[in-house]
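Please read the structure below before turning to the comments.
Nothing in this text is a laboratory measurement; each read-out follows from the coordinates by a stated rule. As the structure is a computational prediction, the values presented were derived from the model and not from experiment. Here the Cβ is made from the backbone with ideal geometry for all residues, glycine too, and neighbour counts use every protein chain on show.
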Amino acid sequence: MAPKFGTSGLRGLVTDLTDEVCARYTKAFLTGTAHDGVLLVGGDLRPSTRQHLRAVAAGARAAGVTVVDCGTLPTPALALEAQRRGAPAVMVTGSHIPADRNGLKFYTRTGEITKSDETAINDRLADWSGPMDLSDPVTDDTALARYAARFSGFFAADALAGRRVGVYEHSAVGRDSLGAVLRALGAKVTTLGRSDHFIPVDTEAVDETTRSQLRDWARDAGLDAIVSLDGDSDRPLVTDASGHVIPGDVIGALTARHLGARVLVTPVSSNTMIDGMGFETIHRTRIGSPYVIEGIEAALARDGASHVVGYEANGGFLTGFAAVGAVGTLSPLLTRDAFLPILCALAGIAVHGPLAAQIDALPPRRTAADRLEGLPTEISAALIAQLRADPGARAALFAPLGEEAALDLTDGLRVTFTSGEIAHLRPSGNAPELRCYCEATSEQRAGAIVQSLLGNIAARYG
């Protein structure tokens, strides 16, 4: 299957992301975006990333653009550098998906591309002709240090003093930098699970083997929390002191509160507990950072002084205003960031108590999410289309959840039942998977609904 744009960036099998494909997409991107003759590039730790990066550089050279390689670094670090230099950028990463897949994330000189930008890139694609220069571009790896300094210039130097934090490193590109930032803010860091091969950690659907390992580490090391990142380090993973994974949309809400945000933009799949947390305005979007960015920009267009932030159910956090911290101001960054929500969650322990106690004090709405892997997109899309059109089919699938009270078709199919429980199904935009998000008054109940629904669907289509 040919590579295509998903919820965030171009994705495809490594075998389909040929040199020519990467070069063509890069040239099409640069043909339609403003630049001063320079493209920044960076990548994650996947085995295929370096070759894809060379092909991206070849496409830029064919467009008459000089390429600067910022090295292996988190996606938000590259985005911040692009914003600082006023230059477009391409991050080579498949994010959280397995190593047999990879992708490209595109940034204009002002931020992450929108869905309309994706359409324009597709429209400008042209056949490749002539030779291809696949040499390595010139390297300038100073962007990572500037990204780390973003946080030491916002939090007090002792913000995490006394905190015992485990860092599950696996193959996340930001693993070393995250540990360094935590130590700089006073935390005692224990490194865990470093890997020389790529591990696809999905912070939105953490598998039971990983959850068990996190609980074991927390018990054995006596930690306040364990934190981690996905492959390109724009999605956080945070556990409490027992190693229990805290959903990303809960971490997002805690981060928004810590920063003093008043306006939230978040996908329709995120926890509805924020409706009872005192925020002034909440805007719900389709799933994917481009939609959240559009929502933040719309809020700023209405009121440029809005204290607006955005986050996704995977925990990736976006800042739309200049937040004032203990020692300085955090500039807006309209792309998913994982370091900020991790640091805000840990810093909040000193103010609000242990993370588990903070979660218990929130409105009693809890979410769970998982995925049915290996289900072809056309099958999951056909299922969703049938359920949207046929109330009888919905009633049959959701019979154990009771009577339907409301139907939301913003993104996929989201059903609210008279009990207040919610079930949400949608095809993944990144891989052949069916995503399931559920909400109830307890995480255990939400998780049970997820597993029951996915089990029923797997029995029918698996």
Stretched out fully, how many nm does the piece from residue 373 to residue 458 gain, at 0.36 nm a residue minus the Cα gap?
29.7 nm
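Return a single number: how many Lys pairs in the chain, at a sequence separation of 8 or more or on separate chains, have alpha-carbon atoms below 28 angstrom apart. Don't jump to the answer; show the numbers that get you there.
Details: 4/27; 4/105; 4/115; 27/105; 27/115; 105/115.
Lysine pairs satisfying the spacing and distance rule in the chain number 6.
By counting other Cβ atoms within 10 Å of each Cβ, how are 370, 207, 337 ranked from fewest to most? Display every interim value, and only then the final one.
Working: 370 22, 207 12, 337 30.
Ascending Cβ contact count within 10 Å gives the list 207, 370, 337.
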Specify which residue in the list 186, 82, 438 is farthest towards the positive end of the charge dipole of the chain, using unit charges on the beta carbon of Lys, Arg (+1) and Asp, Glu (-1), about the Cα centre.
186
Gyration tensor (alpha-carbon) shape descriptor, the range 4-141, a/c threshold 1.5
rounded
Treating only the Cβ atoms of Lys and Arg (+1) and Asp and Glu (-1) as charged, compute the dipole magnitude of the range 366-461 about its Cα centre; round to the nearest 20 debye.
60 debye
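Restricting to DSSP loop positions (anything but H, G, I, E, B) with no more than 16 other Cβ atoms inside 10 Å of their own Cβ, which GluC sites (Glu not before Pro) remain in the range 267-329? Could you put the intermediate results ahead of the total?
Details: sites: 280, 294, 297, 312; in loops: 280, 312.
Of the GluC sites (Glu not before Pro), the ones in loops of the range 267-329 whose Cβ has at most 16 other Cβ atoms within 10 Å are 280.
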Restricted to Cα positions, what overall size does the range 207-354 have along the principal axes? Three whole-Å values, descending.
50, 34, 30
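To make sure I understand, if each residue's beta carbon is the centre and we count other beta carbons within 10 Å, what order do 113, 199 fall in, fewest to most? Spell out each step's value before the answer.
On the way: 113 22, 199 18.
So the ranking, lowest neighbour count to highest, is 199, 113.
Treat the count of other C-beta atoms within 10 Å as a stand-in for reagent exposure and order 81, 208, 443 from fewest to most. Each step should come with its number before you reach the end.
Details: 81 23, 208 8, 443 20.
Ascending number of Cβ neighbours within 10 Å: 208, 443, 81.
Taking the Kirkwood radius as the inverse of the mean 1/r across Cα pairs, report the Rg/Rh of the chain. Write out the running numbers ahead of the final one.
Details: Rg = 21.4 Å, Rh = 22.4 Å.
My calculation puts Rg/Rh at 0.95.
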Which one, 400, 345, 379, is farthest towards the positive end of the dipole of the range 340-428 when Lys and Arg carry +1 and Asp and Glu -1 on their Cβ?
345
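Nothing charged except the Cβ atoms of Lys and Arg (+1) and of Asp and Glu (-1): what's the magnitude of the dipole of the range 4-141 about its Cα centre? Round to the nearest 20 debye.
Details: 15 positive and 17 negative charges, 46 e Å.
Dipole size: approximately 220 debye.
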Quick check: pseudo-label points 7 Å beyond the Cα along Cα→Cβ at residue 395 and residue 418, how many nm apart are they?
1.3 nm
Please report, ordered by residue number, every helix of the chain (full DSSP H runs) that is 24 Å or longer along its axis going by C-alpha atoms and whose mean Kyte-Doolittle hydropathy reaches 0.0.
443-461
